[in-house]
Amino acid sequence: MTTTDYDPNVVLSTENDFKVVGTRPVRHDGVDKVTGRAIYGADYDASGLLHGKILRSPHAHAKIISIDTSKAEALDGVHAVVTAADFPEAADKIMELGEDETKLRDLRGNILARDKVLYVGHAIAGIAATNAHVAEEALSLIEVEFEVLPSVMTTDEAMADGAPILHEDQTTEELGDDSGVVSNVAKHFQHIKGDIAEGFKQADVIVEREYNTVTVHQGYIAPHNGTAFWSADGRLHIWCETQGSFVVRDSLADLLDMPVSMIRVTPTEIGGGFGGKIPIYVEPVAALLSKKTGTPVKIVMTRKETFEGSGPTPGSKIKIKVGATKEGKITAAHAWMAMEAGAYAGSPVGAAAQCVFAAYDLENGLIDGFDVVVNKPKTAAYRAPGSPNAAFGFEQALNELAEKLGMDPIDLRLKNVATEGTRRVDGPVFQRIGAKEVLESMREHAHYLSEKQEGSGRGVAIGFWFNIGFDSACNIALNKDGTVNLTEGSTDVGGSRTSIAMQAAEVLGISAEDVRPSVVDTDTIGFTAVTGGSRTTFATGWAAYEAAQDVKKQCITRAASIWDVDPDHLQMEDGIISSKTDSELKMTIKELAAQLSDTGGGITGRASVKPRGVGGSFCGNIVDLSIDQETGKITIDRFTAIQDAGKALHPSYVEGQMQGGSVQGIGWELNEEYFMSDEGKMNNTSLLDYRMPTALDLPMIDTVIVEVANPGHPFGVRGIGEANIVPPTPAIANAVYDSCGSRITQLPMSPGSILEALKS
Amino acid sequence: MALVFIPSQMQPLTKGQARVEVEGTNVKQIIENLDSLHPGFVDRVLDEGNIKPSISIAVDGDIITMGLIEKVSPNSEVHFLPAISGGN
């Protein structure tokens, strides 16, 4: 696009031969949500409902010597108290949580601490009482004797010689090999491509720096919640806000040593997740309390508990070294990345390694990754987990390299850009990708071509998320009026009901409004993995496509029966079934639907899929900002996000995701952090003190959707939920440097740190 | 034969070879045949007959979805990767 006209939302489309795909229908759940009728987890109520509360650790690291719950149990209104001792004993095993994996022992220990507490906020005991106030009072009556231990709060501290050890039985794993060394480093891995030493020898210019990021939270508006009812027949029913109802079911089955068939999970509407609502926290505690009381028990975290007791994204240390010839060809790059896993192993450093160099075709590359446990809450996924940390380092280093070479930073990137056939440093070869198209759109965008305002700085960066596939299921039933009921199991975090419904509508030749999508419970649909990894529109959309094809096939067969012709002689296009040989034979799907009952009964299509062909997505940012020289406050003056969506099924949703990811990236860059005390306690546990950006802090986030169709999806779809959070942190950092001449390598770039930089 | 890329941390098993050509029509055969050529791979990659949770395997650029029965063609590339955590 080359234009000087301002257009806040642009779609650069390569494929428009669709009737429904690419349009912008009103979302199916919109009315319920804007009128307040939608039921979220905390809204759930039931006859005899008890309210649960959880006792949490005041210490970052301590042995639990004893727990005495007798006084709490004696309090009037208290119905039950549970601790880790109430979990059934079960052998340790690896649990798959969709796109995450953890040890059963670790998951159980995180939900209710057994022998040790490993962070401030670590759950110790649960109480069910007639109301939340009684439950809170009872918490204060539980007596826990601790032996406080020294703690480690950063990767530096945790990796130091002689560091306090969180898990005495944890040894460093080296890609399937146990090093046998007891350590806070749970995992070390390495990717090598080419000859890194030789590559740096060929470089005319080398940039080498260290970058640090801090713990930040996803900041979803609805705290974690869950209600459990353990029925007299032994069946357990859970209602909760989750990104994966089957993850909740399967995790509970392992934790409680129950068959999955005895557990039903009903996902309510979800007040945000961004990855943070994949793990479970309160559901098992509510289940144990319900088992003891025989009544439903609801637990809703406070905001403070959500910050302290659920999973944020990690702080990290990133060391980058990159070299290039004077012509701008990168000859070698090395990324050394250590990420905080929190109290139990499992940081996103592996994902970061797949992203850090992904946009570039490097002959020589080396990536070292370290998964490090520290005395903070166990980290959880957060929108492209690990990738923003990695990009904060490498994308800054590239701008520094461009400056040394006297090159335009986008030209430097384009000179080295990855395209179809590029082998990544971590091994696999890219299929069709849109990194080049995104960078070209950035370079030609009116924002980039415009003159900067006096005193302002401009920065650019690009980011990547690989996306995932995994299991999805979908059922579609044809109603007698020609509409269809679509049931699926993917929690709708960002409008996926509609994006999935649109794919079925496209196949059936009906409108999106004629599809009634429902997210149903685990008893009602086939196994469906988490809403995460930007997989839902891709994979559950695949399932809807296949289920709709099943309906289409059955419609043709039924019409053939009605007309007494060979089904091979019929076709169905745009919702009309017709004969290929007889122009008189024609009927709409609505006309057919009206005859179903009299011609053999209903039609239901179904599909369970686990698709390959996932297409990764690249997103680039152009940022203009100004700095108040007295206060150090950064004002974002203009922000443009450009992303490859494959095919934008619903452009408004894509634009919304791009804007949402950008805003979260801006918050991560400018303000958000866990302010930790020396004792490992978070000091800013409210949204007043944990400073996320509001609409008043931001300009319009302009968007450009670039469509480079994914050949692995029938409509060319790529997941677009995550790549957009990756480039804001380095793009803003690059703009700050452009504005003030200081290269700031520590997040967040709060006014205080900017003032320090200005002074230097 | 499929081309198996050996990560640096596994290259002690192949005496430094970064790529090994291996016969096999599925992932299980590839691992077993690789182990025959360079002993130690079965123990390194499998645990009680299953792929270790800490390891992902990619065939032709895609993380496999069918486990050890995932098909491998003579022109395939096979990669051993660290399993990832996290996601949106």
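For segment A:105-181, which fully contained strands (runs of 3 or more DSSP E) count at least 3 residues that are touching a strand residue (DSSP E or B) at 6+ places or on another chain (Cβ under 8 Å), surrounded by fewer than 15 Cβ atoms within 10 Å (Cβ to Cβ) and not β-branched (Val, Ile, Thr)?
Of the strands (runs of 3 or more DSSP E) lying wholly inside segment A:105-181, those with at least 3 residues that are touching a strand residue (DSSP E or B) at 6+ places or on another chain (Cβ under 8 Å), surrounded by fewer than 15 Cβ atoms within 10 Å (Cβ to Cβ) and not β-branched (Val, Ile, Thr) span A:143-148.
Does segment B:10-39 hold any residues that are over 20 Å from residue B:61 (Cα atoms) and more than 12 Å from the chain's Cα centre (by Cα), and which are they?
Passing the criteria: B:11, B:12, B:13, B:14, B:15, B:16, B:17, B:36, B:37, B:38, B:39.
Which one of A:39, A:64 is touching an Asp or Glu at 6+ places or on another chain (Cβ under 9 Å), surrounded by fewer than 21 Cβ atoms within 10 Å (Cβ to Cβ), closer than 23 Å to residue A:271 by Cβ and of a type in the set (Val, Ile, Thr)?
A:39
Only one of A:369, A:427, A:406, A:386 is at pLDDT 95 or above and out of contact with any helix residue (DSSP H, G or I) (no Cβ under 7 Å at 6 or more places or on another chain); which?
Going through A:369, A:427, A:406, A:386 in turn, the sole match is A:406.
Which members of segment A:36-93 meet the condition of being under 20 Å from residue A:301 (Cβ atoms), more than 29 Å from the chain's Cα centre (by Cα), of a type in the set (Gly, Ala, Ser) and in a loop (DSSP other than H, G, I, E, B)?
Scanning segment A:36-93 gives a single hit, A:46.
Of the residues B:51, B:55, which is in contact with a Leu (Cβ under 8 Å, 6 or more places away or on another chain), more than 9 Å from every other protein chain (Cβ to nearest Cβ) and within 23 Å of residue A:190 (Cα to Cα)? Step through it out loud before you land on a result.
Working: B:55 fails: more than 9 Å from every other protein chain (Cβ to nearest Cβ).
Exactly one residue qualifies, and that residue is B:51.
Quick check on residue A:751: is it in contact with a strand residue (DSSP E or B) (Cβ under 8 Å, 6 or more places away or on another chain) and surrounded by fewer than 24 Cβ atoms within 10 Å (Cβ to Cβ)? Outline the logic, then answer.
Working: in contact with a strand residue (DSSP E or B) (Cβ under 8 Å, 6 or more places away or on another chain): yes; surrounded by fewer than 24 Cβ atoms within 10 Å (Cβ to Cβ): yes.
Criteria met by residue A:751.
Restricting attention to segment A:337-369, and to residues there that are aromatic (Phe, Trp, Tyr) and away from chain B (no Cβ under 11 Å), which single residue is surrounded by the most Cβ atoms within 10 Å (Cβ to Cβ)?
A:357
Can you name the number of the only condition in (1) crowded, with 17+ Cβ neighbours inside 10 Å; (2) aliphatic (A, V, I, L, M); (3) away from chain B (no Cβ under 14 Å) that residue A:614 fails?
(3)
Among all residue pairs at least 6 apart or on different chains, which show Cβ distances below 7 Å where the first residue, located in segment A:431-447, is within 14 Å of chain B (Cβ to nearest Cβ) and the second is of a type in the set (D, E, K, R)?
Within 7 Å, the pairs are A:431/A:420; A:432/A:420; A:433/A:420.
Residues checked against (1) in contact with a Gly (Cβ under 9 Å, 6 or more places away or on another chain); (2) touching a residue at least 24 places away in the same chain (Cβ under 8 Å); (3) of a type outside the set (Val, Ile, Thr):
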{"position": "A:672", "(1), (2), (3)": "yes, yes, yes"}
{"position": "A:680", "(1), (2), (3)": "no, yes, yes"}
{"position": "A:687", "(1), (2), (3)": "yes, yes, yes"}
{"position": "A:694", "(1), (2), (3)": "no, no, no"}
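If you go through segment B:20-78, how many residues are within 26 Å of residue A:94 (Cα to Cα) and either touching a strand residue (DSSP E or B) at 6+ places or on another chain (Cβ under 8 Å) or assigned to a strand (DSSP E or B) (or both)?
29
Name the pairs: first residue in segment A:598-624 and farther than 20 Å from residue A:528 by Cα, second residue among the polar types (S, T, N, Q), Cβ to Cβ under 6 Å, at least 6 apart or on different chains?
Sorted first by the residue in segment A:598-624, then by its partner, the pairs are A:603/A:554; A:616/A:467; A:619/A:643; A:619/A:724; A:622/A:640; A:624/A:456.
Any idea how many residues of segment B:17-54 are among the polar types (S, T, N, Q), free of Cβ contacts under 8 Å to residues at least 24 places away in the same chain and closer than 18 Å to residue A:178 by Cβ?
Count: 1.
Looking only at segment A:180-193, count how many residues are more than 30 Å from the chain's Cα centre (by Cα) and at pLDDT 95 or above. I'd like the intermediate steps shown before the answer.
We begin by selecting, within segment A:180-193, every residue more than 30 Å from the chain's Cα centre (by Cα); these are A:180-182.
Pick out the ones that are also at pLDDT 95 or above and you get A:182.
The qualifying residues number 1.
Take the residues of segment A:505-546 that are more than 14 Å from every other protein chain (Cβ to nearest Cβ) and charged (D, E, K, R): which is farthest from residue A:237 (Cα to Cα)?
Out of the qualifying residues, it is A:506.
Spot the failing condition for residue B:36; the list is (1) of a type outside the set (D, E, K, R); (2) within 11 Å of chain A (Cβ to nearest Cβ); (3) more than 27 Å from residue A:345 (Cβ to Cβ), and only one is missed.
(2)
Taking the options A:451, A:506, A:488, A:513, name whichever one is more than 29 Å from residue A:244 (Cα to Cα) and acidic (Asp, Glu).
None of the other options fit; the residue is A:451.
Just checking: which of the strands (runs of 3 or more DSSP E) contained wholly in segment A:475-580 hold 3 or more residues that are touching a residue at least 60 places away in the same chain (Cβ under 8 Å) and outside the structural domain of residue A:269 (by TED's automatic domain parsing)? Outline the logic, then answer.
Details: elements: A:484-488, A:515-519, A:570-573, A:576-579.
Passing ranges, in order: A:515-519.
Among the residues of segment A:370-391, write down those that are at negative phi and either facing chain B (nearest Cβ under 9 Å) or more than 18 Å from the chain's Cα centre (by Cα) (or both).
Selection gives A:370, A:371, A:372, A:373, A:374, A:375, A:376, A:379, A:380, A:381, A:382, A:385.
Does residue A:143 satisfy being of a type in the set (D, E, K, R), assigned by TED's automatic domain parsing to the domain that holds residue A:72 and more than 30 Å from residue A:331 (Cβ to Cβ)? Talk me through it step by step, then tell me what you get.
Details: of a type in the set (D, E, K, R): yes; assigned by TED's automatic domain parsing to the domain that holds residue A:72: yes; more than 30 Å from residue A:331 (Cβ to Cβ): yes.
It is true that residue A:143 is of a type in the set (D, E, K, R), assigned by TED's automatic domain parsing to the domain that holds residue A:72 and more than 30 Å from residue A:331 (Cβ to Cβ).
If you scan segment A:705-735, which residues turn out to be over 20 Å from the mean Cα position of the chain (by Cα) and either within 27 Å of residue A:213 (Cβ to Cβ) or in a helix (DSSP H, G or I) (or both)?
Passing the criteria: A:731, A:732, A:733, A:734, A:735.
The values are calculated or read from the model by the stated rules, or taken from the named source; none is laboratory data. Since we're looking at a predicted model, the values are computed, not measured. Positions of Cβ are generated from backbone atoms using ideal geometry, with glycine treated the same way; all protein chains shown enter the neighbour counts.
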